[in-house]
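Quick notes on the structure that follows.
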Amino acid sequence: MKKLLTILFIAAGLFETNLVKAQKVDTINTDKWFKHDIAGAALIQVTYRKTNLNQLNTILNRNGIPSLGNNSIWINASMTHVIKKVVLEDGIGFTPITSAEANGLKARYNQYQAFFRAGYNVSNNPDFRLFPFAGINFNAAVLNIRDNNRIQNTNDFSTELLNSTSSKTFYQPNFGIDLGAGFDYLIKLRSKQINDVEIQRNIPIGVRLGYYINASQGDWKVDDHSLQNGPDKKNSAFFVSLNIGLGYKIRKR
């Protein structure tokens with residue numbers, strides 16, 4: 001977590017520096033694009049959104065593989081962009097791998113996502129933001145099966161090339177809709193002033209509450225080959241996210 005926060009501070013610092021450099025290069029051009037304050041934040045989010053693996057575990061059990069554990073915690077990196085009252089948020093994330101193993105067969109499962117949300121800040125208090133939002137979510141589930149009995153039964157390279165094995169990777173793409181509300185409390189830091197630009201820095205600590213609608217579910221695939229009769233239960237669910245990061249607001253004095 002410390003490394004992630006360090007990366008966020010460096011990224012936000014570089015972003016601020018580049019903006020200020022652009023402002024110093026040509027004040028005439030600056031007046032054209034600097035018509036309002038520029039604000040936003042780089043965030044780390046930890047989200048709980050329940051994933052139901054009952055169908056998948058039933059299929060694994062029939063093939064001699066124990067049930068997979070919970071896979072409902074998401075770790076996301078996101079950016080918030082504030083334009084007057086409009087709050088835009090985009091990010092990417094993943095779930096840690098959950099695994100199960102028996103009789104030389106090992107199953108590993110996790111998920112990835114990319115999301116975009118748009119909201120409107122209903123608060124007039126400069127110390128916090130409160131915004132309902134709606135957004136879209138692209139995600140994918142990945143299941144890897146490793147057959148150690150077959151993979152490790154020979155030391156000969158040529159024999160291993162054509163070795164028959166159950167090892168393979170399955171994936172399933174999904175599309176969803178996020179509906180909810182966000183709240184950020186802004187802990188003010190010392191501001192910086194460069195020429196006629198003031199950079200106000202802050203640490204946003206917040207929460208996101210909402211409901212994820214699994215609107216469209218793709219087929220399970222191996223490479224580009226679609227499979228039938230796989231787990232097809234949609235994973236619509238409530239979610240809650242906690243976030244922390246580094247925020248900024250850049251304005252002309």
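Values in this text are rule-based calculations from the coordinates and carry no lab data. Worth saying up front: this structure is predicted, and the values here are computed from it rather than measured. In this analysis, Cβ positions are derived from the backbone assuming ideal geometry, glycine residues included, and neighbour counts consider all displayed protein chains.
Relative to the longest principal axis of the Cα atoms of the chain, the long axis of helix 2-25 lies at roughly 40 degrees. For the residue pairs Lys106/Lys233; Lys106/Lys234; Lys50/Lys249; Lys50/Lys188; Lys188/Lys234, the C-alpha atoms sit more than 32 angstrom apart in Lys50/Lys249; Lys50/Lys188; Lys188/Lys234. Could you work out how far apart the two model spin labels at Phe175 and Ser99 are, taking each label as a point 7 Å from the Cα in the direction of the beta carbon, and quote it in nm? The answer from the label model is 3.4 nm.
For Gly104, what is the net charge nearby, where nearby means another residue's Cβ is under 13 Å from its Cβ and Lys, Arg count +1, Asp, Glu -1?
Numbers: positive: Lys106, Arg146, Arg150; negative: Glu101, Asp147.
Net charge in that neighbourhood comes out at +1.
Based on the Kirkwood radius over alpha-carbon pairs, what value in µm²/s does the Stokes-Einstein equation return for the translational diffusion coefficient of segment 2-247 at 25 °C and 0.890 mPa s? Taking Rh from Cα pairs, D becomes 117 µm²/s.
Highest mean packing comes first when the peptides 132-143, 186-197 are listed by Cβ atoms within 10 Å, giving 132-143, 186-197. As a proxy for reagent exposure, ranking Arg251, Arg117 by other Cβ atoms within 10 Å from fewest up yields Arg251, Arg117.
Let me spell out the model: positive unit charges on the Cβ of Lys and Arg, negative unit charges on the Cβ of Asp and Glu, origin at the Cα centre of segment 109-181. What dipole size does that give, in debye rounded to 20? Working shown, then result.
Values: 5 positive and 5 negative charges, 29 e Å.
That gives a dipole near 140 debye.
Candidates Val197, Asn144, Ile213 compared by Cα position along the dipole of segment 140-234: farthest toward the positive end lies Val197, with charges placed on Cβ. Rounded to the nearest 20 debye, the dipole magnitude of the chain is 880 debye, with +1 charges on Lys and Arg beta carbons, -1 on Asp and Glu beta carbons, and the Cα centre as origin. Using C-alpha pairs under 8 Å with a sequence gap of at least 6, the mean separation divided by the residue count of the chain gives a relative contact order of 20 percent.
When segment 2-247 is described by a simple charge dipole with +1 on each Lys and Arg Cβ and -1 on each Asp and Glu Cβ, the residue from Leu56, Ser164, Ala181 located farthest towards its positive end is Ala181. Cα to Cα, under 14 Å, and not fewer than 8 places away if on the same chain: which aspartates and glutamates meet these conditions relative to Lys168? Straight-line reach from Lys168, under 14 Å: Asp147, Asp223, Asp224. Distance distribution P(r), segment 108-170, all Cα-Cα pairs, bin width 5 angstrom from 0: 4, 13, 13, 10, 9, 8, 8, 7, 6, 5, 5, 5, 4, 2, 0 percent.
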